[in-house]
Amino acid sequence: MRAAMLYGVRDLRIEDVPKPEVEAGEVLVKVKAATTCGTDLKIFQRGYVEKVIRLPTIFGHEWAGEVVEIGEGLDWPTKGMHVRAGNSAPCLHCSMCQRGKYNLCENMIWLWGAYAEYIKVPARMVLVNMQEIPGHVSYEEAALTEPLACVLHGVEEASVKLGDTVAIIGAGPIGLLHLLTVKKMGAEKTIIIDLVEERLSFAEKMGADETINAGKTHVIEAVKQLTGGYGADIVIEAIGLPATWEQALRLVRKGGTVLEFGGCPPGAEIRLNAELLHYGEVKVLGAFHTTPLHFRKALNLIASKTIDVKSLITRKMKLENIKKAFEILSTSKTEIKIAIAP
Ligand SMILES: [Zn+2]
Ligand SMILES: [Zn+2]
């Protein structure tokens, strides 16, 4: 089968690799759509080898497709079913899983290999993190279940409430998914901060109430001005840089919550003013990945159009052009998500 193998920084090649053999409990899916993701882009550009990826590997982790082969011992799914799965499956047994912290599972398995004709879903993942896609939902939209699931986990941790003012740093795919989600959770005012004017106007089209160009405006003053001098109730960092993690701490009101969502490079540290936590009672939260429950919720919210993810897909390309797709994402100011079709 054709697959996009990642060997290293910007070294992404289309190759013929053996079609995976299905064993007991496993499922083979014909990939119909796979979407590009900020994490993929980071790995492509900077070669971050995270805990979850070992090179060389077939690249990509957001996908949806049609079941073509089923291993022994399964009475679900069925052949021809439209499904999505992964990109993770917790063990349900470790001490984190026992505490319900499935996203922090000590024995998490990860699935990479979306940019290919076929993808094999491991037995554990079939059981805990594979869903049938309703007929009216496109494969492209269903592929966005993964990033939305991560966002749902984060905003639940941050306890966004009806009437909150929410400031989001970053108008990329993750920032925009946060925007769509917190609006549905009842945010009264949303403020999006980015350096790229085109991204800010896209965010406006997606419903952002206020936008701030951090290259042209003093962000802290602008946020204060938009919040009666206090700062936002909730600040979400959706970029993954120490500088913006620190900036987020300066945009929140007393008693507010900062959700540091974007993953920083390994070893990164930030400075945190102790007075902010003590006298200001600011809550600072991290959020990592997501849980099977949130994957289910995310797909349901996409299916019901409660969170309409369609407009985030700004381009469709063929698997053969995958490298070009990532080159485009590296430089483009307007592309959000590219859907790749084998
Ligand atoms: Zn992703
Ligand atoms: Zn576990």
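Here are a few things to note about the model shown:
- Condition met for Glu62 (in contact (Cβ under 8 Å) with a residue 12 or more places away in the chain, among the acidic types (Asp, Glu), within 28 Å of Val137 (Cβ to Cβ) and more than 16 Å from ligand 1 (Cβ to nearest atom)): no
- Taking the numbered list (1) in a loop (DSSP other than H, G, I, E, B); (2) within 20 Å of the chain's Cα centre (by Cα) in turn, Ile270 passes all entries but (2).
- Among the residues of segment 178-231, those that are touching a residue at least 60 places away in the same chain (Cβ under 8 Å), part of a loop (DSSP other than H, G, I, E, B) and over 21 Å from Ser159 (Cβ atoms) comprise Val196, Met206.
- The numbered conditions (1) at pLDDT 95 or above; (2) within 16 Å of ligand 1 (Cβ to nearest atom); (3) crowded, with 21+ Cβ neighbours inside 10 Å are all true for Gly86 except (1).
- For segment 289-328, filtering for residues that are of a type in the set (Phe, Trp, Tyr) and assigned by TED's automatic domain parsing to the domain that holds Thr39 leaves 1.
- Every condition in (1) among the acidic types (Asp, Glu); (2) over 30 Å from Glu15 (Cβ atoms); (3) within 16 Å of ligand 1 (Cβ to nearest atom) holds for Glu106 except the one numbered (3).
- Of the criteria (1) assigned by TED's automatic domain parsing to the domain that holds Asn321; (2) more than 15 Å from ligand 2 (Cβ to nearest atom); (3) on the phi > 0 side of the Ramachandran plot; (4) surrounded by fewer than 24 Cβ atoms within 10 Å (Cβ to Cβ), which one Leu92 fails: (2)
- Neighbours by Cβ (under 9 Å, 6+ apart or cross-chain): first from segment 79-97, in a strand (DSSP E or B); second more than 6 Å from ligand 2 (Cβ to nearest atom) and among the basic types (Lys, Arg): His82/Lys32; Ala89/Arg124
The values are calculated or read from the model by the stated rules, or taken from the named source; none is laboratory data. Note that the structure is predicted; figures quoted are calculated from it, not measured. A quick note on method: Cβ atoms are made from the backbone with ideal geometry, for glycine too, and the neighbour counts reach across all protein chains shown.
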